[in-house]
Amino acid sequence: MCHFTLPLTGGCQCGRHRYTISALPLTVYACHCGDCQTQSGSAFGLSMPVWRNTLTGDLEGLGSWERKAASRRIVKARFCQQCGTRLFHEPSRNPEIVNVKPGTLDDTSWLRPIGHLWLDSAQPWFQVPDGDLRYRAQPDSFEALFERFGQAYPEG
C-alpha cells in the first residue's frame with residue numbers, strides 16, 4: 001500500500017471550503033448500496049471515517065440534508081452550497097465520527113478501500129479485490145474495517 005502524510009487536506013471543487021484532518025483515518029471502505037451509487041454517480045461511494053475532533057477547516061456555511069440510509073439510520077450529508085461537492089456525512093449511529101468523502105482529498109494517490117459494504121447491491125460486473133473485507137449489507141460492527149486499515153497504514 002501507498003503511504004500518506006498527516007495532516008490530510010482537501011476541499012470542494014470550487015475551493016470555497018477547505019479542511020484538514022490531523023489524525024489517522026479509521027478506515028476507507030466502498031459502499032455499493034443504491035444510495036451511494038446515486039450520490040456518487042458511479043458504481044459505489046467511498047467513505048473515510050475520521051474522529052470529528054480531528055476534522056477542522058472552513059466548514060461554516062455548508063449545506064446539509066438528512067436522509068434515511070439503507071441501514072435505516074439517519075445520515076446528514078454536508079456539501080458546498082456553491083459547487084455542490086459532497087464533503088462528508090454525519091452518521092447518527094456515532095456522532096463522534098464524520099465520514100469524509102475521500103475523493104475530496106488533495107492527494108488521493110494512496111486511497112484504496114479496505115472493505116466493501118452492501119455487496120448485494122453491487123453492479124454485476126464489479127469484482128471485489130482478493131483480500132478485501134466483504135459484507136453483503138451493513139456490518140454489525142466496523143471494528144474489522146478499522147483493524148485492517150490500522151494494519152495496512154500503521155503510521156500513515
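The values are calculated or read from the model by the stated rules, or taken from the named source; none is laboratory data. The shown structure was predicted, so the numbers you read here are calculated from the model rather than taken from an experiment. Note that each Cβ is placed from the backbone with ideal geometry, even for glycine, and that neighbours are counted across all protein chains shown.
Considering the range 51-81, the residues that are assigned to a loop (DSSP other than H, G, I, E, B) and of a type outside the set (A, V, I, L, M) include one that is nearest to Thr20 (Cα to Cα), namely Asp58.
The strands (runs of 3 or more DSSP E) located wholly in the range 82-154 that include 1 or more residues which are under 18 Å from Ala23 (Cβ atoms) and under 17 Å from the mean Cα position of the chain (by Cα) occupy 86-91, 97-100. Of all residues in the range 9-24, none satisfies being over 23 Å from Cys83 (Cα atoms), within 15 Å of the chain's Cα centre (by Cα) and β-branched (Val, Ile, Thr). Summed over the range 78-108, the residues that are farther than 17 Å from Gln138 by Cβ and either of a type outside the set (Lys, Arg) or in contact with a helix residue (DSSP H, G or I) (Cβ under 6 Å, 6 or more places away or on another chain) (or both) give a count of 20. Checked against (1) modelled with pLDDT of 95 or more; (2) touching a Ser or Thr at 6+ places or on another chain (Cβ under 8 Å), Pro113 passes all but condition (2).
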